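Input: a single structure, listed below in structure tokens.
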Amino acid sequence: DERQAVLCDASIERVQPSWRPALDAALAEWLALPKEVTGLSLIAVYARGSIVRGLALEGISDVDTLGFATVSHSDADSELKAWQSRGSERARRMRSAYPFCSGLEMRLVCVPERSSLGGWLRGDAAAPASLADSQLRALDAFRLASQAVCLHGSDLVPRLPPPVPRPRLVLEQSADLARASRAVAALAVQGSSDKALAVARWAAKRALRAGMELAAADYGAFSRDLLPCHRAISAVLGQPAGTRSLLVLQLACMPEEEVARHGGGEAVAARLIHAAGRLAQACDTYHLARHFSQPLLAFEQLPETPPLPPALLSA
């Protein structure tokens, strides 16, 4: 829009009829949460991803949801951990009831009731009107405002800043890739090639979406879908980023029969981690050249240094 903010294309009306019962089942799981955790108040539940954009594919799409809650009980941690540990059980129930659905994602953002963020979630009059960057990241505010629809409770989006794309994932790429590389290596040792490939695909998606964040302003569009990410990278970042993003896209979306032909999940996962790393290098180079190439012309450009601590002044 005129603010350079991403327009949200998610809505309940776009949900395909065959997927609506699965979405209702996911909401039922959320509504049961306060009975399982002492002192928990469920503030809001959102659905995001392909289902609420009308793009769900049978056998591929999962029900991706996000819940916000506050807790007043000091002993809630153990109950929350127990609830989170049953995530695979909830996903199995979803797949059993709706075989066309690949799973169920239930991400919970739960904060103490008396915290600053807890007050903001509840809409307390004394709560701050705006949130710090760390709090916005905790809420996954960008994705919430640009890709989600409220299923239950108080809609938080009108109180969030406009979802303007800016470099976020690119700042986390190095740590993400290092973590993914270690996980892939460990899973390969365990013989869990399918899980290794799943981790590598996660890293690949992050790399492509990081490139889209860099390209969005000049490209004039934003998407988390992988093909538009590649197109934006090619159009704005140029080479070698375009060639590298194409390879990441091809490996990340490789059909299972092709994975088998290319040496199996372990081999493809290793290639994908390497390809994502090379794409990340191209994105870093572009980011540094674009945002950190202006020379220092005068010392007045530097911010004022903070005062020394009193202990040092008296030393």
I'm trying to understand the selection: among the residues of segment 158-175, which are touching a residue at least 40 places away in the same chain (Cβ under 8 Å) and either part of a helix (DSSP H, G or I) or among the hydroxyl-bearing types (Ser, Thr, Tyr) (or both)? Leu169, Val170, Gln173, Ser174
Name the residue that is most open to solvent (accessible area, probe 1.4 Å), counting only residues in segment 59-104 that are part of a helix (DSSP H, G or I) and among the hydrophobic types (A, V, I, L, M, F, W, C). Ala97
Enumerate the pairs (first residue in segment 216-231 and closer than 18 Å to Leu246 by Cβ and of a type in the set (Phe, Trp, Tyr); second residue anywhere and open to solvent by 50 Å² or more (accessible area, probe 1.4 Å) and at pLDDT 90 or above) with beta-carbon separation below 6 Å, excluding pairs fewer than 6 apart on the same chain, so at least 6 apart or on different chains. Tyr219/Ala235
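Can Leu214 be described as open to solvent by less than 40 Å² (accessible area, probe 1.4 Å) and either modelled with pLDDT under 95 or part of a loop (DSSP other than H, G, I, E, B) (or both)?
Yes; evaluated as a whole, the condition is true for this residue.
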Answer yes or no: is there a residue in segment 184-204 that is hydroxyl-bearing (Ser, Thr, Tyr), at pLDDT 95 or above and either surrounded by fewer than 20 Cβ atoms within 10 Å (Cβ to Cβ) or in contact with a strand residue (DSSP E or B) (Cβ under 9 Å, 6 or more places away or on another chain) (or both). no
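Just to be sure before I move on: is Ala22 open to solvent by less than 30 Å² (accessible area, probe 1.4 Å), aliphatic (A, V, I, L, M) and at pLDDT below 95 in the structure I sent?
No: the conditions fail for Ala22.
Which residue, of Arg114, Arg143, is assigned to a helix (DSSP H, G or I) and on the phi < 0 side of the Ramachandran plot?
On the way: Arg114 fails: assigned to a helix (DSSP H, G or I).
Of Arg114, Arg143, the one residue that is assigned to a helix (DSSP H, G or I) and on the phi < 0 side of the Ramachandran plot is Arg143.
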Take Arg271 and tell me if it is under 17 Å from the mean Cα position of the chain (by Cα) and charged (D, E, K, R). no
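The values are calculated or read from the model by the stated rules, or taken from the named source; none is laboratory data. Nothing here was measured: the structure is a model prediction, and the numbers come from that model. Reconstructed Cβ throughout: ideal geometry from the backbone, glycine too, with neighbour counts over all protein chains shown. Ligands, DNA and RNA are stripped out before the accessible areas are found, and what is left, the full protein with its side chains, is counted by its heavy atoms. Shrake-Rupley method; radii C 1.70, N 1.55, O 1.52, S 1.80 Å.
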